[in-house]
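Engineer: Below: one structure in structure tokens.
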Amino acid sequence: MEFTSNITFIALCQQLLVGLSRTTILFIVASGLSLVLGVLRIPNISHGSLYMIGAFLTYSISTFFGGGPTGFWLAMILAPLSVALISFIMERGLFCHLYEREHLMLLLFTFSFMLVFGDVVKIVWGSDYRSLSPPEIFQGSVSVFGLPFPRYNLFLLVIGPLVALGLWLLTNKTKIGKISRAAAVDREMVGAIGINVSWVFAEVFVIGCFLAGLGGALVAPTQNITQGMDHSIIIEAFLIVIIGGLGNIWGALLGALIFGLTDSVGILVWPQFAIVFPYVAVVIVLTFRPKGLLKSVW
Amino acid sequence: MKKFYWLIICLTAGFVLFFIGTPVHAAKAIKVGIVDCYSGPPSTYTNDVRDAFKLATDKINEKGGVLGRKIEFVTRDSKFKVDIGLSAAKELIMREEVDILMGTINSSLALGISDLAKKEKIPFLVTFSKSAKITGEKGHRYVFSMNENTIMAGKAGAAGLAKHPYVRYWIAGDDYEYGHAIADGVWKNLKQLKPDVQKLGESWWKVGEPDFTPYITAILSAKPDAVIVATGGRDCVPFLKAARATGFNKQVPFYMHTATELSTLMPLGSEAPEGVIGTSNYHFYFPDTPENKAFAKDFKDAYGRYPKVGALYGYITATFIAKAYEKAGKADTEKFIDALEGMSVDSPVGPLKMRAYDHQVMFPMFMGLTKKSPEHEFLMATDIVTIPGDVVMPTIEEIKKARCK
């Protein structure tokens with residue numbers, strides 16, 4: 001077995017760390033999708049487009065402020081907020097009238113948004129690649145276990161748990177979190193006790209889309225910002241949500257871990273066929289747990 | 001009655017004179033139909049082909065065109081789809097009645113149009129598709145390749161790498177025809193030139209892979225002497241970005257075809273990694289000849305940007321068309337093809353020859369290293385070595401063998 005010769009314990013640890021930083025992005029995007037899916041019951045296919053818009057906005061805002069560290073940090077905050085604003089307009093203008101419709105209608109509706117956003121990006125930013133540098137302190141690599149590890153990925157490793165903690169606090173400790181969980185189970189009951197469910201839905205939708213924008217902003221310095229990034233992420237995000245359990249945020253975390261880690265470890269273990277590893281994991285999970293690993297709210 | 005008779009004769013004579021006269025006054029233009037992808041990421045490459053083609057034809061037309069005719073062109077956007085591109089090509093032949101077809105960056109579409117060109121007996125001058133099948137296995141009388149292909153890139157890469165002392169290689173690339181063709185090409189030729197090279201392993205990623213970091217860290221932990229990276233198009237940019245972030249270029253040297261091309265280095269700006277070995281057909285600053293300087297200046301004056309490799313392809317295509325018609329002496333397709341076979345033209349990179357046997361332009365390849373430059377915001381290639389066209393080209397025996405298959 002030729003391919004096992006280069007696998008040392010250190011290489012494996014390092015590969016796991018790289019996988020975890022990818023997991024961070026996947027988790028942030030998938031948790032937003034899962035939140036919207038769980039509470040509003042909208043399979044939002046345009047979630048990936050909001051992620052792409054987040055990445056493009058990060059580029060534009062950062063270059064607008066001169067491309068230095070100030071511009072970078074401002075972009076990290078402003079780009080997800082702008083995406084949240086776009087989603088707020090989407091929800092109040094269009095989605096809020098459609099909650100009573102069938103899922104298929106909603107699915108087609110969000111699909112049309114994906115096409116519209118794709119063209120909007122093409123009109124606004126054109127078809128060229130964009131590339132954004134992280135600020136000076138995140139450039140280059142540090143040595144972890146004697147092998148180089150990009151500094152920006154270390155930053156992602158810090159952000160991931162912070163977002164997870166924030167989401168936990170939001171759903172368990174705040175009023176809106178509790179109401180939204182209740183509304184997910186029985187919308188009419190929540191409405192009957194005098195709570196404006198429509199606004200709760202709007203808030204949840206905006207938070208979910210904010211996460212898409214945040215994912216886009218965080219991924220911007222690591223890859224080229226281009227059309228088509230929406231398609232690849234939305235497929236992965238849906239797979240993660242499905243294996244984790246529809247609408248369950250912790251399921252999204254678990255799914256992202258499985259997806260991200262099988263991907264990076266697969267690359268080390270069997271590089272010729274690494275592409276299939278995460279998908280094989282998905283197949284295995286769905287064979288034994290067809291409804292996903294954790295409890296689905298559907 | 002006799003008067004009436006005379007009237008008819010006069011009218012007929014008038015008509016005859018009129019019809020003989022018209023071609024002299026308003027000679028029909030030579031029409032070129034370009035089918036290419038002008039939407040989405042590939043337009044970074046194809047816009048340069050079109051713009052340089054226009055630059056060259058404008059110059060030719062100013063001098064009165066060829067054979068007293070002007071060269072006109074029309075474009076159609078294939079949107080990178082084979083069906084759209086093919087129907088556009090048919091429309092160009094039937095409605096626009098083009099004399100020559102040109103394009104396209106998409107290899108499947110290029111092969112499709114090539115079939116059509118063979119049936120319709122219309123010359124098809126391929127710009128930017130790098131499939132070696134176009135002039136190899138699927139070559140025929142009506143198709144010409146105006147750019148390098150994967151076999152040529154493979155030979156050039158191997159010829160360049162053989163001069164380095166590296167022995168233990170890792171191969172990585174796009175899990176797609178282009179990636180495998182380049183990787184196989186480099187490896188096969190390198191093995192011939194330097195039999196002691198070893199392959200430690202291979203990694204293949206999907207086209208459009210968003211994050212290359214895990215691939216690079218896995219390759220680095222195998223500690224190869226050098227890495228052959230066979231990735232193309234839009235994946236070059238994120239790969240180089242990840243290479244810089246992980247410090248790949250500082251630890252292990254790697255070769256990537258097109259790494260030194262402006263199309264790859266421009267979007268990265270000063271973020272691109274230094275010391276990457278790359279090959280390219282064209283640099284606007286190399287070769288440092290008056291012809292190249294003049295071309296780069298004309299292009300920049302006209303469009304406000306530096307010419308990339310596509311500009312060379314567009315420019316020489318126009319030059320070949322004009323010269324071949326002149327040599328043919330009349331606007332006849334078969335004579336045009338006969339004239340084009342074996343013809344040489346002057347170009348910004350020196351004289352280029354169209355090989356008669358397989359209709360492939362014999363491009364030299366430039367191998368260099370990426371390096372920061374004081375005068376530009378993007379990296380440039382240094383230590384450029386020219387690998388001449390006849391070293392890079394597949395031999396005629398190889399073409400014969402491919403066509404027998």
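Values in this text are rule-based calculations from the coordinates and carry no lab data. Note that this is a predicted model, so its numbers are computed, not measured. Positions of Cβ are backbone-derived with ideal geometry, glycine not excepted, and every protein chain shown enters the neighbour counts.
Engineer: For chain A, find the longest principal axis of its Cα atoms and tell me its angle to the long axis of helix A:229-244, 0 to 90°, nearest 10.
Structural biologist: 80 degrees
Engineer: Seen from all sides and averaged, what is the projected area of the convex hull of the Cα atoms in chain B, in nm²?
Structural biologist: Working: hull surface 91.0 nm².
Computing the convex hull of the Cα atoms and averaging its projections yields 22.8 nm².
Engineer: Also, quick follow-up: Setting aside same-chain residues fewer than 8 positions from B:Lys297, which aspartates and glutamates have a Cα under 15 Å from its Cα?
Structural biologist: Of all the aspartates and glutamates, those that pass the test against B:Lys297 - Cα under 15 Å, at least 8 places apart if same chain - are B:Asp48, B:Asp51, B:Asp288.
Engineer: A further question on this structure: With θ taken as phi - 60° and the coefficients 6.51, -1.76 and 1.60, list the Karplus ³J(HN,Hα) couplings across the range A:34-42 in order, rounded to whole Hz; mark glycine and proline as x.
Structural biologist: 5, 4, 5, 5, x, 8, 8, 6, 9
Engineer: On to the next question. Distance check, please: which entries in B:Lys130/B:Lys400; B:Lys138/B:Lys300; B:Lys31/B:Lys138; B:Lys119/B:Lys330 exceed 31 angstrom between their Cα atoms? Please list the in-between numbers first.
Structural biologist: Working: B:Lys130/B:Lys400 19 Å; B:Lys138/B:Lys300 37 Å; B:Lys31/B:Lys138 25 Å; B:Lys119/B:Lys330 22 Å.
Those over the limit are B:Lys138/B:Lys300.
Engineer: Quick one: order B:Met393, A:Met105 by neighbouring beta-carbon count within 10 Å, fewest to most. Can you show the working numbers first?
Structural biologist: Details: B:Met393 24, A:Met105 11.
The order, fewest Cβ neighbours first, is A:Met105, B:Met393.
Engineer: For a footprinting-style exposure proxy, rank B:Glu326, A:Glu100 by other Cβ within 10 Å, fewest first. Don't skip to the end; give the middle numbers.
Structural biologist: Values: B:Glu326 12, A:Glu100 6.
Listed from fewest to most nearby Cβ atoms, that is A:Glu100, B:Glu326.
Engineer: Between the alpha-carbon centers of the range B:215-282 and the range B:53-74, tell me the distance in whole angstrom.
Structural biologist: 40 Å
Engineer: Which value does Rg/Rh take for the range B:252-360 over its C-alpha atoms, Rh per Kirkwood?
Structural biologist: Working: Rg = 16.9 Å, Rh = 15.8 Å.
Result: Rg/Rh = 1.07.
Engineer: Then there's this: Considering only the other residues whose Cβ falls under 11 Å of the Cβ of A:Tyr51, what net charge follows from Lys and Arg at +1 and Asp and Glu at -1?
Structural biologist: Numbers: positive: none; negative: A:Asp230, A:Glu236.
The answer is -2.
Engineer: Here is a follow-up. If each Cα of the range B:111-179 is one equal point scatterer, what is log10 of I(q)/I(0) from the Debye formula at q = 0.13, 0.18, 0.20 Å⁻¹?
Structural biologist: -0.49, -0.75, -0.85
Engineer: While we're looking at this one, here's another question. Which whole-number percentage describes the relative contact order of chain A, with Cα contacts under 8 Å and a sequence gap of 6 or more?
Structural biologist: On the way: 456 pairs, mean separation 107.6, N = 298.
Relative contact order here is 36 percent.
Engineer: Per-residue ellipticity at 222 nm for chain B, helices alone: DSSP H runs ≥ 4 residues times -39500 (n - 2.57), over residue total, nearest 500 deg cm²/dmol?
Structural biologist: Numbers: 15 runs with 186 residues, N = 405.
Only helices count here, giving -14500 deg cm²/dmol.
Engineer: I'd like the mean, over residues of B:201-213, of how many other protein chain beta carbons sit within 10 Å of each residue's own Cβ. Kindly include the intermediate steps, with their values, before the conclusion.
Structural biologist: On the way: counts 7, 3, 8, 6, 4, 4, 0, 6, 4, 12, 11, 3, 15.
Mean shielding by partner chains, rounded to a whole number: 6.
Engineer: Please list, in order along the range A:184-191, the HN-Hα scalar couplings obtained from phi with the Karplus expression 6.51 cos²θ - 1.76 cosθ + 1.60 (θ = phi - 60°), rounded to whole Hz, x for Gly and Pro.
Structural biologist: My calculation for the range A:184-191 gives 5, 7, 8, 5, 5, 4, 4, x Hz in order.
Engineer: Of B:His283, B:His376, how do they rank once you tally other Cβ atoms within 10 Å and put the fewest first? Kindly include the intermediate steps, with their values, before the conclusion.
Structural biologist: Numbers: B:His283 25, B:His376 15.
Exposure proxy ranking, most exposed first: B:His376, B:His283.
Engineer: Count, for each residue of B:220-228, the Cβ atoms from other chains sitting within 10 Å of its Cβ, then give me the mean as a whole number. All intermediate terms of the calculation are to be shown ahead of the outcome.
Structural biologist: On the way: counts 5, 12, 8, 2, 1, 0, 0, 0, 0.
The shielding value for this peptide is 3.
Engineer: When N is the residue count of the range B:84-147, what does its C-alpha Rg come to as a fraction of 2.2 N^0.38 Å? Could you put the intermediate results ahead of the total?
Structural biologist: On the way: Rg = 10.4 Å, N = 64, 2.2 N^0.38 = 10.7 Å.
Rg over 2.2 N^0.38 Å, computed on Cα atoms: 0.98.
Engineer: Looking at the range B:182-235 from every direction and averaging, what is the projected area of its Cα convex hull in nm²? List each step's numbers first, then the result.
Structural biologist: Values: hull surface 16.5 nm².
So the Cα hull casts an average projection of 4.1 nm².
Engineer: Moving on. Provide the packing ranking of B:65-76, A:17-28, i.e. peptides ordered by the mean count of other C-beta atoms within 10 Å per residue, highest first.
Structural biologist: Working: B:65-76: 17.5, A:17-28: 25.8.
My ranking of the peptides, most packed first, is A:17-28, B:65-76.
Engineer: Quick check of the Kirkwood formula: for the range B:360-405, what is the inverse mean of 1/r over all pairs of different Cα atoms, in Å? Kindly include the intermediate steps, with their values, before the conclusion.
Structural biologist: On the way: mean 1/r = 0.0763 Å⁻¹.
So the Kirkwood estimate lands at 13.1 Å.
Engineer: Provide the packing ranking of A:235-243, B:194-202, B:302-310, i.e. peptides ordered by the mean count of other C-beta atoms within 10 Å per residue, highest first. All intermediate terms of the calculation are to be shown ahead of the outcome.
Structural biologist: On the way: A:235-243: 24.0, B:194-202: 14.2, B:302-310: 19.0.
Going by the mean number of other Cβ atoms within 10 Å, highest first, we get A:235-243, B:302-310, B:194-202.
Engineer: May I ask you to derive the relative contact order of chain B, considering only C-alpha pairs under 8 Å and at least 6 residues apart, and to give it as an integer percent?
Structural biologist: Working: 790 pairs, mean separation 67.1, N = 405.
Computed value for chain B: 17 percent relative contact order.
Engineer: Give the long-range amide H neighbours of B:Ser373: residues separated by 5 or more places, or on another chain, with amide H under 5 Å away, using H modelled in the peptide plane at 1.01 Å from N.
Structural biologist: Answer set, sorted by chain and number: B:Met380.
Engineer: Under the rule of -39500 (n - 2.57) per DSSP H run of 4 or more residues, summed and divided by the residues of chain A, what mean residue ellipticity at 222 nm is obtained, to the nearest 500 deg cm²/dmol?
Structural biologist: Working: 11 runs with 209 residues, N = 298.
My calculation for chain A gives -24000 deg cm²/dmol from helical runs alone.
Engineer: Now a separate question. Taking the convex hull of the Cα atoms, report for the range A:1-128 its projected area averaged over all directions, in nm².
Structural biologist: Numbers: hull surface 48.8 nm².
For the range A:1-128, the mean projected area of the Cα convex hull comes to 12.2 nm².
Engineer: Over the Cα atoms of the range A:129-267, each weighted equally, I'd like the Debye log10 I(q)/I(0) at q = 0.22 Å⁻¹, rounded to two decimals.
Structural biologist: -1.50
Engineer: How big is the Rg/Rh ratio for the protein assembly as shown, C-alpha atoms only, Rh by Kirkwood, two decimals?
Structural biologist: Result: Rg/Rh = 1.05.
Engineer: Please report how far the C-alpha centroid of the range A:230-273 lies from that of the range A:157-184, rounded to the nearest whole angstrom.
Structural biologist: Centre-to-centre (Cα) distance: 21 Å.
Engineer: What is the average number of partner chain Cβ atoms found within 10 Å of a Cβ in B:263-271?
Structural biologist: Numbers: counts 1, 1, 0, 3, 7, 4, 4, 1, 6.
Across the residues of B:263-271, the mean count of other-chain Cβ atoms within 10 Å is 3.
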